[in-house]
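> After the structure tokens below, expect a handful of questions from me.
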Amino acid sequence: MQSKKTNRRSRIRYGIRNKISGTAARPRLSVFRSNKEIYAQIIDDVAGHTLASVSSRSLKEVKGTKVEIAKQIGVEMAKIAVEKGISEVRFDRSGYLYHGRIKAIAEGAREGGLKF
């Protein structure tokens, strides 16, 4: 049985996914947060392909708090996206509040050169 918080996040997430869809011109930057790790990926929903992905597991050399690591993931994601010719994305926070680690990823991606 799902908790109230998880159930709430699922409802919000599906509502957001009905409104946000990534295209080849403007893919979707999706974020998943667990208690320990954080993951970000750029997805083209029309083709059904993941164009780039970064996680705290792939950046083991980065040290700091969870928020600092999330910001570095945003910067790294932006760097990979710019290398692949992606300058604009749609930010999909996956039902999480725009606060803490989610906000840090967005700020890091903006610092790296992505626009949303």
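The values are calculated or read from the model by the stated rules, or taken from the named source; none is laboratory data. In this text the structure is predicted, and so the values were computed from the model without any measurement. Positions of Cβ are backbone-derived with ideal geometry, glycine not excepted, and every protein chain shown enters the neighbour counts.
> Return the residues of region 90-101 that are in contact with a Lys or Arg (Cβ under 9 Å, 6 or more places away or on another chain), outside any helix (DSSP H, G or I) and modelled with pLDDT of 95 or more; say none if nothing qualifies.
Result: G100, single match.
> Which one of the conditions (1) within 18 Å of R110 (Cβ to Cβ); (2) among the acidic types (D, E); (3) free of Cβ contacts under 8 Å to residues at least 24 places away in the same chain does E68 fail to meet, given that it meets all the rest?
Of the numbered conditions (1) within 18 Å of R110 (Cβ to Cβ); (2) among the acidic types (D, E); (3) free of Cβ contacts under 8 Å to residues at least 24 places away in the same chain, the odd one out for E68 is (3).
> Within region 26-48, count every residue that is assigned to a strand (DSSP E or B) and over 22 Å from G113 (Cβ atoms).
Adding up the residues that qualify gives 2.
> Another question, then. Is at least one residue of region 74-83 touching a Lys or Arg at 6+ places or on another chain (Cβ under 9 Å), free of Cβ contacts under 8 Å to residues at least 60 places away in the same chain, farther than 25 Å from K4 by Cα and basic (K, R)?
Scanning region 74-83 turns up no residue that is touching a Lys or Arg at 6+ places or on another chain (Cβ under 9 Å), free of Cβ contacts under 8 Å to residues at least 60 places away in the same chain, farther than 25 Å from K4 by Cα and basic (K, R).
> When only residues in region 16-46 that are among the β-branched types (V, I, T) and at pLDDT 95 or above count, which is nearest to the chain's Cα centre (by Cα)? Can you show your working first?
First pass over region 16-46, keeping only residues among the β-branched types (V, I, T): 16, 20, 23, 31, 38, 42-43, 46.
Next, only the ones that are at pLDDT 95 or above stay: 31, 38, 42.
Working: V31: 3, I38: 9, I42: 7 Å.
Ranking the candidates gives V31 first.
> Quick test for you: out of A78, A52, A104, pick the one residue that is buried (at least 18 other Cβ atoms within 10 Å of the Cβ) and not in a helix (DSSP H, G or I).
Checking each option against the conditions leaves just A52.
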